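Working notes, beginning with the structure itself.
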Amino acid sequence: MLIVISNPKAIEKEAILINQLFDEGLKLFHLRKPDSSEDEIKQLMLKINSKYYSQIAFHQYHYLAKPYGVRRLH
């Protein structure tokens, strides 16, 4: 099983890369951005295809999980 942990810093075209990884079979993506604001996390999530939300684990802002259908908290 392929699992990816995000870069802790924002990177260019990150959501596009995340969607491509999922398209290629990524099973689990750990969204770990300790220095990102809540708004930055929300903006990233809006750019990730919602069909992949159940395959994302939040490392912070756990209260955002329910609105996005994220079931994994780390």
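Rule-based calculations on the coordinates, nothing more; no lab input. Computed from a predicted structure; not experimentally measured. Positions of Cβ are backbone-derived with ideal geometry, glycine not excepted, and every protein chain shown enters the neighbour counts.
Points to keep in mind about this one:
- Annotation note: GluC sites (Glu not before Pro) in the chain located in DSSP loop regions with a Cβ neighbour count of at most 11 within 10 Å are Glu12, Glu24.
- Sorting the segments 1-9, 41-49 by their residues' average number of neighbouring beta-carbon atoms within 10 angstrom, most packed first, yields 41-49, 1-9.
- Calculated [θ] (222 nm, deg cm²/dmol) that DSSP helices of n ≥ 4 give over the chain, each run adding -39,500 (n - 2.57): -8500 deg cm²/dmol
- Sequence-separation-based contact order of region 1-63, relative, with Cα cut under 8 Å and 6+ spacing, percent: 42 percent
- Non-local lysine pairs in the chain, meaning eight or more places apart or on different chains, with alpha-carbon distances under 19 Å, amount to 16.
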